[in-house]
1. Could you list, in sequence order, all residues of the range 54-85 that are surrounded by fewer than 17 Cβ atoms within 10 Å (Cβ to Cβ) and either farther than 15 Å from PRO407 by Cα or among the polar types (S, T, N, Q) (or both)?
2. Restricting to the range 206-222, and then to whatever is aliphatic (A, V, I, L, M) and free of Cβ contacts under 8 Å to residues at least 40 places away in the same chain, can you tell me which residue is nearest to SER148 (Cα to Cα)?
3. Tell me the residue from GLU187, GLU182 that is in contact with a Lys or Arg (Cβ under 7 Å, 6 or more places away or on another chain), acidic (Asp, Glu), open to solvent by 40 Å² or more (accessible area, probe 1.4 Å) and closer than 27 Å to LEU36 by Cβ, please.
4. Filter the range 210-267 for residues that are charged (D, E, K, R) and within 19 Å of VAL162 (Cβ to Cβ); which is nearest to the chain's Cα centre (by Cα)?
5. Considering the range 248-262 alone, what residues qualify as being within 18 Å of PRO405 (Cα to Cα) and either out of contact with any strand residue (DSSP E or B) (no Cβ under 6 Å at 6 or more places or on another chain) or part of a loop (DSSP other than H, G, I, E, B) (or both)?
6. Among (1) in contact with a Phe, Trp or Tyr (Cβ under 8 Å, 6 or more places away or on another chain); (2) more than 23 Å from SER94 (Cβ to Cβ); (3) not aromatic (Phe, Trp, Tyr), where does LEU317 come up short?
7. Step by step: first the residues of the range 283-313, then only those that are modelled with pLDDT of 95 or more and among the small types (Gly, Ala, Ser), then the one that is most open to solvent (accessible area, probe 1.4 Å). Which residue is that?
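The values are calculated or read from the model by the stated rules, or taken from the named source; none is laboratory data. What you see is a predicted model; the values in this text were computed from it and never measured. Cβ sites come from the backbone with ideal geometry, for glycine too, and all protein chains shown count toward neighbours. For the accessible areas, the whole protein counts, side chains as well, though only heavy atoms, and no ligand, DNA or RNA atoms are used. Shrake-Rupley method; radii C 1.70, N 1.55, O 1.52, S 1.80 Å.
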Amino acid sequence: MVRAYDPERDADAVHRIWCEIGWISADSDREREMLLDHFYRSGRAIVAELDGQAELAVTTADGTLRHGATDLSMSAVTSVTASHLARQGGLASSMTARAVATDAAAGLQTASLGIFDQGFYDRLGFGTGSYLRRYRFDPATLRVPRGSRRPVRLNRDDAEEVHANRLATERRHGAVTITSAEFSAAEMGWEDNAFGLGFRDSSGALTHHVWFSADEMEEGPYNVEWLAYRSADDLRELFSLMRSLGDQVQRVSVPEPPGLLVQHLLDRPFRSASYTSDKQALGGRGRAWWQCRMLDVEAGVAAARFVGDGVGFVLELDDPIATHLPAELPWRGVGGRYVVDLGASSSAQRSDGRTDLPVLRCSVGTFTRLWLGVAPATRLPLTDELDAPDSLLEQLDDVIRVPEPLPNFPF
C-alpha cells in the first residue's frame, strides 16, 4: 500500500528507517528533531506499507533550476529511504517514479536528485550531471587580504535568515534552490560540530555567510557545507574569514564556487599538498553526485538561449519512467516525437510531421545532459545511447555553448 506520509502514524517508522540505513543515530534526540520537525516539513512525502508499517519513504521538495538566466521550477528528490525489509524488490524505483510523476502533473518542469551510485536512477530518465569539486587547503596559505571586519555567529535559531541569504546567493547556469526554509533548518542541525559565520550590512541584514561542520573543533578538518554570497567582494571576504582560522585549523574543505579555481588563491598549493598526511590531505576532488531530468520538454527548451545560427531537428525521445508508473497516474513521462529549434530563441513542439529534418534519438536523461551542457553532443555517443547524424552533432556543438552547470545548493 502506497499513501501520503502521516506524521502521527508514520513518524516512528520513518525514524526507524533512517536509523537502520545509518543516516542518523537512534540515540540522538537532536537528529530525530531535525528529521521529523524540519526535513519532513520541507516538502512532500509518500510511504509504502509492508505488513501495516511504513518501510519505504520518498520525499520531494519544491525548488528551482537555472538554465542560463532563466529559473525553471524543480522537484528535488531529497531522500529515498528503504528499510532492511523493503530492498531489492523494485519498490524504491516505483515509489520514486510515483513521486516525480505527481510533481510533474502538478506543473513542476524539472527534477533533480543526489545519487548513491551511478545507474540506479537512469531507469527513471535521470541523466548524470557535471563534476562538483571540493578543494582541501590549509587556510594559512590563502593569498587573500586579511579581513577588516569581525564576523557574526550564526546558529540554528537563525535558520530563516540563513535560508533567505542562501536563496539570494548569486546564481549561474545550473544553480538550484530549495524553496522551504525548513530544509536549511534541518541541514543546520544534522552535525554535532556545526556553526556559521557571516557578515551583515549597515541595516543589520545578513549579506553573506559560510556554514561549517567540523571533524575536530581544535585542528579540523573544517568542512564548508555551503557558501552564500551576492558578489565577488562577498566571496573574497568569506575566504578572508577562512584565512583567519589558519592559526589553529590545519585544513578546510570547500565546495568550489562557480567560476573560481580555489587553487589560484593559495600559496604554492602543490608543494603544500606533498607534505600532508592522509588525515589532512590537501588538493581537489571532483564527483558527479547529482542527476537531473526534464519533466516538461517544451518549457525546458524554451528557457534555453544558445549562440550561433541555430539548428533544427526532430527529437525522438524515450522516457523509461513510464514503465515504472502505476496505470492510474495521468502523467506518463515526456517520451514522444518533437520538432526542436535551438538558438538565440528555442522551442520544442510535439509533432508527427517534418520528415525533412535530421533526427536525434535518445533518452530524456541524455537530452537533459545535452541541454544543460554537461557534455558536448559529439561526445555523448561514447557514454549514452544516442543516435544522430555526425553533421547534426557537430552543429549542436557549435550552438550549445553554456558554462558548466553547477548546482551550488547541496540537497
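1. Across the range 54-85, the qualifying residues are THR70, HIS84, LEU85.
2. Taking the range 206-222 and keeping what is aliphatic (A, V, I, L, M), we get 206, 210, 214, 217.
Still in the running and free of Cβ contacts under 8 Å to residues at least 40 places away in the same chain: 210, 214, 217.
Values: VAL210: 17, ALA214: 25, MET217: 24 Å.
The selected residue is VAL210.
3. Working: GLU187 fails: in contact with a Lys or Arg (Cβ under 7 Å, 6 or more places away or on another chain).
The match here is GLU182.
4. Start the filter on the range 210-267 by keeping residues that are charged (D, E, K, R), which leaves 215-216, 218-219, 225, 230, 233-234, 236-237, 243, 247, 251, 256, 267.
Next cut, within 19 Å of VAL162 (Cβ to Cβ) only: 225, 230, 234, 237.
On the way: GLU225: 13, ARG230: 19, ASP234: 23, GLU237: 25 Å.
Residue satisfying both the conditions and the ranking: GLU225.
5. The answer is GLU256, PRO257, PRO258, GLY259, LEU260, LEU261.
6. (2)
7. ALA302
Residue by residue, here is whether (1) among the charged types (D, E, K, R); (2) modelled with pLDDT of 95 or more holds:
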| site | (1), (2) |
| --- | --- |
| LEU36 | no, yes |
| SER75 | no, yes |
| ARG87 | yes, no |
| ARG98 | yes, yes |
